[in-house]
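Here's the structure we're looking at; comments come further down.
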Amino acid sequence: MSELYTNLLSAAVVAIAVATLFELWKQRHNLLSDELSDDTRALAWRVVIFLVFPFIVWLDLRATIVATEYLGGWVKEWHYGLLWYSAVPQSLPSAELLIPALFAGVVVQLILGLCLMPSLFFRPHPFLATAITYTIGLIVVTNLFIDPLLGLAGVGTSRWQIAYASAPKDSLLLLLSTYASLALVFFVAVKSRAVRIWFAELTNPILAEQLRIAISEASSDSSNQFQRCRLAVLYEKAGMKSNATKELATLRKIAGGSIYLPFVDGYMNYRRRNYKKARAAFELASNFPNLNDQLRGIFFSAAACSAYGEGDTHGSINLSERALEFDGSSIIARMVKVDAFLRLGKKEQAGEEVLAALRKGLDFELEDKVPLDPEITLRHLFRFQKAEAMRNSSETLLGAPVSSRH
């Protein structure tokens, strides 16, 4: 990697690091909350990648240099680019010492990750727990997965490129076997539902408690549509996507024609940025028979959000207007219209929408409520399903033949 490229990369990392520090200061009050939003979690990732990871890379470089010198060799030239480094061990007494010299930094990083783990058992504040967990995850993922693959492609740190080209084949085979075993253990651990719930308990105790209750209630009544729907939503909020997908599949089996299905389908697809599928699901839900105006407004607003995310600006405006026909107090529909008008350069119309929202006294706090508030929507859906069941029961009774007495 050229020195110019390294300097440009370092400059970009420094700029993002400074912006991250500024964002930390701006969001300092939100960081104290016991329930972290998606934006706060994203900020934690930025802190780990642009503030913590450069130190870890430097530690890796120093470990490589020190280990090489301890083993009797030396590093003639090295480069450090905050997220990347290059160091080539030379003049080692034997070829078998190349692997220990190259991978001393990996050992130091993994030891650091192991040392950080006990702190999680003391249940630090959710934001700190999130940052620590992300740091451990980043150490493991970069070393066990990303770095070896980048080495095969001829990019990344020089470690794997040198190992593939110069290390003795038996040592390289042993190294790859060790890596594969550790990667498998890590993969199984992160896929474990118990581990994921434990992580949720550390980083979002309120969500974790809701999840435990939902799992218990869903297991006691496996055919309950509402419980399955709520469990799928909570899994998705907790980042347990595979579990959420399984719950959606279960919901399809037990409630193929239920309104819960397009609601969960749309919510999951939106969070996964599959905006086209999310829009289709929300529009399907909004056209459900006998739906009350509030629910139609919620689903049209969610469809408008999805259309905006998809890039269909005019479609998002049309769907927002339909949402406001059913629910004039929908702040989400108003804000989608504002964003859409601004995207089209129509500042006056955007200002009118903001004024309309202010006149209605709407709450502009949209955190975790886009494209819809799942808790409020679930409550409305439960009432709707209950009313539908009562209506169907009444129609059945009225339509039943009257028995005659003799």
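Is it the case that Lys337 is surrounded by fewer than 20 Cβ atoms within 10 Å (Cβ to Cβ) and either part of a helix (DSSP H, G or I) or touching a helix residue (DSSP H, G or I) at 6+ places or on another chain (Cβ under 7 Å) (or both)? Against the criterion (surrounded by fewer than 20 Cβ atoms within 10 Å (Cβ to Cβ) and either part of a helix (DSSP H, G or I) or touching a helix residue (DSSP H, G or I) at 6+ places or on another chain (Cβ under 7 Å) (or both)), Lys337 does not qualify. Does region 239-247 contain any residue that is without any contact (Cβ under 8 Å) to a residue 40 or more places away in the chain, farther than 26 Å from Gly309 by Cα and in contact with a helix residue (DSSP H, G or I) (Cβ under 9 Å, 6 or more places away or on another chain)? Within region 239-247 (the criterion being without any contact (Cβ under 8 Å) to a residue 40 or more places away in the chain, farther than 26 Å from Gly309 by Cα and in contact with a helix residue (DSSP H, G or I) (Cβ under 9 Å, 6 or more places away or on another chain)), the answer is no, since none of the residues qualifies. Of all the residues in region 1-26, those that are surrounded by 15 or more Cβ atoms within 10 Å (Cβ to Cβ) and closer than 28 Å to Pro205 by Cβ number 3.
Among Val233, Val188, which is the only one that is within 18 Å of Ala255 (Cα to Cα), assigned to a helix (DSSP H, G or I) and at pLDDT 85 or above? Criteria check complete, one pass: Val233. Listed by first and then second residue, the pairs linking a residue in region 21-37 that is touching a residue at least 40 places away in the same chain (Cβ under 8 Å) to a residue that is part of a helix (DSSP H, G or I) and loosely packed, with under 10 Cβ neighbours inside 10 Å, with Cβ atoms under 8 Å apart and 6 or more places separating them unless they lie on different chains, form an empty list.
A search for C-beta distances below 8 Å between a residue of region 67-92 that is within 13 Å of Ser158 (Cα to Cα) and in contact (Cβ under 8 Å) with a residue 60 or more places away in the chain and any residue that is among the charged types (D, E, K, R) and buried (at least 16 other Cβ atoms within 10 Å of the Cβ), counting only pairs 6+ apart in sequence or on different chains, returns Tyr85/Asp60. Screening the candidates Ile206, Ile213 for the property of being touching an Asp or Glu at 6+ places or on another chain (Cβ under 6 Å) and exposed (fewer than 15 other Cβ atoms within 10 Å of the Cβ) yields one hit, Ile206.
Residue-by-condition table, conditions (1) of a type outside the set (A, V, I, L, M); (2) within 17 Å of the chain's Cα centre (by Cα); (3) modelled with pLDDT of 95 or more:
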site	(1), (2), (3)
Ile259	no, no, no
Met268	no, yes, yes
Arg271	yes, yes, no
Phe282	yes, no, yes
Phe288	yes, no, no
Leu295	no, no, no
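When region 7-30 is filtered for residues that are within 27 Å of Lys369 (Cβ to Cβ), modelled with pLDDT of 85 or more and assigned to a helix (DSSP H, G or I), the ones remaining, listed by number, are Ala19, Thr20, Phe22, Glu23, Leu24, Trp25, Lys26. Of all residues in region 145-167, those satisfying the criterion of being buried (at least 19 other Cβ atoms within 10 Å of the Cβ) and under 17 Å from Leu59 (Cα atoms) are Gly156, Thr157, Ser158, Arg159.
Taking the criterion of being assigned to a helix (DSSP H, G or I), over 34 Å from the mean Cα position of the chain (by Cα) and among the hydrophobic types (A, V, I, L, M, F, W, C), the residues of region 164-175 that qualify are Ala165, Leu172, Leu173, Leu174. In the condition set (1) loosely packed, with under 14 Cβ neighbours inside 10 Å; (2) modelled with pLDDT of 90 or more; (3) at negative phi, Ser91 is compliant with all but (3). Screening region 194-208 for residues that are free of Cβ contacts under 8 Å to residues at least 12 places away in the same chain and farther than 15 Å from Ser33 by Cα and picking the one that is farthest from the chain's Cα centre (by Cα) gives Ala194.
Taking region 126-173 as the range and being modelled with pLDDT under 90, among the polar types (S, T, N, Q) and within 27 Å of Trp45 (Cβ to Cβ) as the test, the residues that pass are Thr157, Ser158.
When region 58-75 is filtered for residues that are within 13 Å of Leu97 (Cβ to Cβ) and touching a Phe, Trp or Tyr at 6+ places or on another chain (Cβ under 9 Å), the ones remaining, listed by number, are Thr64, Ala67, Thr68.
Cβ separations smaller than 8 Å between residues 6+ apart or across chains give the following pairs from region 108-126 residues that are over 26 Å from Arg28 (Cα atoms) to residues that are among the charged types (D, E, K, R) and surrounded by 12 or more Cβ atoms within 10 Å (Cβ to Cβ): Val108/Asp60; Gln109/Asp60. Take the conditions in the same structural domain as Tyr179 (by TED's automatic domain parsing), within 24 Å of Leu8 (Cβ to Cβ), in contact with a helix residue (DSSP H, G or I) (Cβ under 7 Å, 6 or more places away or on another chain) and of a type in the set (S, T, N, Q) and apply them to Thr64. Does it pass? Yes: the conditions hold for Thr64.
Scanning region 198-249 for residues that are over 17 Å from Gln385 (Cβ atoms) and β-branched (Val, Ile, Thr) yields Thr203, Ile206, Ile213, Ile215, Thr245.
Is it true that some residue in region 326-347 is of a type in the set (Ser, Thr, Tyr) and without any contact (Cβ under 8 Å) to a residue 40 or more places away in the chain? Yes, that holds for at least one residue. Cβ separations smaller than 8 Å between residues 6+ apart or across chains give the following pairs from region 128-153 residues that are in the same structural domain as Val107 (by TED's automatic domain parsing) and of a type outside the set (S, T, N, Q) to residues that are crowded, with 19+ Cβ neighbours inside 10 Å and not in a helix (DSSP H, G or I): Ile146/Gly156; Asp147/Gly156; Asp147/Thr157; Leu150/Gly156; Leu150/Thr157; Gly151/Thr157.
The values are calculated or read from the model by the stated rules, or taken from the named source; none is laboratory data. Treat the numbers as computed from the prediction; the structure is a model and nothing was measured. Note: ideal-geometry Cβ built from the backbone for every residue, glycine included; neighbour counts use all protein chains shown.
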